[in-house]
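The values are calculated or read from the model by the stated rules, or taken from the named source; none is laboratory data. Computed from a prediction, not measured in an experiment: that's the story for all the values here. Neighbour counts are summed over all protein chains in view; Cβ atoms, including those assigned to glycine, are modelled from backbone coordinates with ideal geometry.
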Amino acid sequence: MPGSLKTDAIVLRSLRYGEADRILHIYTPDRGRLSAIAKGVRRAKSRFGGRLEPFFRLRLVLYEGRSELLTVTSAETVAGHRQLREHAGALDGAARACDAVGRLFADGEPHRGVYHLLANELALLDAEPARASRANALAFRLKLLLAAGFAPQLAACAGCGEAEHLVGFSGAAGGVVCPACESSAFGLDQEAHDFMVGALGRPLADAPEASPRALAQAERAILETLEHHAHLRLRPVGPARVRA
């Protein structure tokens with residue numbers, strides 16, 4: 001039935017539409033990803049001002065009719081993340097975080113944990129833009145994998161269950177592997193393994209650091225897990241991948 005929907009939301013993406021409108025992709029705690037149109041928002045005297053831009057955390061009133069595209073009727077800023085926008089690294093980190101959420105959770109299913117994870121990441125990058133590191137971005141993606149049900153097996157071999165001599169990572173198997181099961185794996189150093197375990201077990205603000213080699217291996221593990229199990233390719237967060 002048509003009616004109004006009140007919800008908190010994070011703007012993942014904002015696209016120009018027509019002469020004065022914008023199409024917003026937003027993520028909400030109770031409805032997951034939604035699309036909405038903000039009419040007249042690009043006019044100089046729009047009542048929305050500049051608050052319907054990516055990375056804004058908002059309190060919205062949306063009109064929900066028969067179309068899948070909702071209409072923004074009211075918007076109140078919860079967090080605008082102004083400092084984040086003044087730091088190139090933090091801005092890029094925020095864009096990649098929003099892109100990952102929008103693509104991995106594109107089915108509209110609600111997931112409060114993902115909403116709060118993204119809100120925490122944006123708040124962290126805004127409060128301390130210098131935290132916009134490759135390690136932070138990979139820790140965020142590992143937590144997204146956990147929320148999506150694709151967390152890699154790190155405690156024992158994903159092939160046979162062996163708990164020792166874990167020497168590689170297999171995206172197809174979904175985790176670390178022992179020498180007997182490493183035919184489709186790449187080498188995973190202990191430092192990379194420790195980084196992934198620490199990133200999953202600690203808050204984002206306490207994400208561990210690691211060497212470039214270990215981070216390259218961790219990123220490859222994340223990307224291959226997504227490719228095999230979510231059939232999804234995300235942009236790398238760091239330099240070109242290193243074949244370890």
### Task
Could you grab the pairs with beta carbons closer than 8 Å, sequence gap of 6+ or different chains, first residue in segment 154-175 and not assigned by TED's automatic domain parsing to the domain that holds A192, second one assigned to a loop (DSSP other than H, G, I, E, B)?
none
### Residues satisfying the stated conditions in segment 56-88, i.e. part of a loop (DSSP other than H, G, I, E, B), out of contact with any Lys or Arg (no Cβ under 8 Å at 6 or more places or on another chain) and among the small types (G, A, S)
G65, S67
### Task
Just give me the residues in segment 110-124 being out of contact with any Asp or Glu (no Cβ under 9 Å at 6 or more places or on another chain) and either of a type outside the set (D, E) or free of Cβ contacts under 8 Å to residues at least 12 places away in the same chain (or both), in sequence order.
H111, G113, V114, H116, L117, L118, N120, L122, A123, L124
### Query
Which ones in segment 100-133 are of a type in the set (D, E, K, R) and modelled with pLDDT of 95 or more?
E121, D126
### Summary
Checked pairs for segment 60-73, first without any contact (Cβ under 8 Å) to a residue 40 or more places away in the chain and more than 18 Å from R42 (Cβ to Cβ), second in a strand (DSSP E or B) and of a type outside the set (D, E), C-beta under 6 Å and 6 or more apart or across chains, list as none
#### Entry: Condition check for A127: surrounded by 21 or more Cβ atoms within 10 Å (Cβ to Cβ) and in contact (Cβ under 8 Å) with a residue 24 or more places away in the chain
no
### Query
Regarding R33, is this residue out of contact with any strand residue (DSSP E or B) (no Cβ under 7 Å at 6 or more places or on another chain) and charged (D, E, K, R)?
no
### Query
Taking segment 74-101 as the search range and keeping residues that are basic (K, R) and touching a residue at least 40 places away in the same chain (Cβ under 8 Å), which one is nearest to Y115 (Cα to Cα)?
R96
## Note on the structure
Of the residues in segment 148-160 that are surrounded by fewer than 16 Cβ atoms within 10 Å (Cβ to Cβ) and at pLDDT below 95, the one that is nearest to the chain's Cα centre (by Cα) is G149
### Summary
Scanning segment 87-124 residue by residue, those touching a helix residue (DSSP H, G or I) at 6+ places or on another chain (Cβ under 8 Å), of a type in the set (G, A, S), surrounded by fewer than 21 Cβ atoms within 10 Å (Cβ to Cβ) and under 19 Å from R57 (Cα atoms) turn out to be G113
### Task
Report yes if some residue within segment 18-31 is surrounded by fewer than 16 Cβ atoms within 10 Å (Cβ to Cβ), free of Cβ contacts under 8 Å to residues at least 24 places away in the same chain, on the phi < 0 side of the Ramachandran plot and within 21 Å of the chain's Cα centre (by Cα); otherwise report no.
no
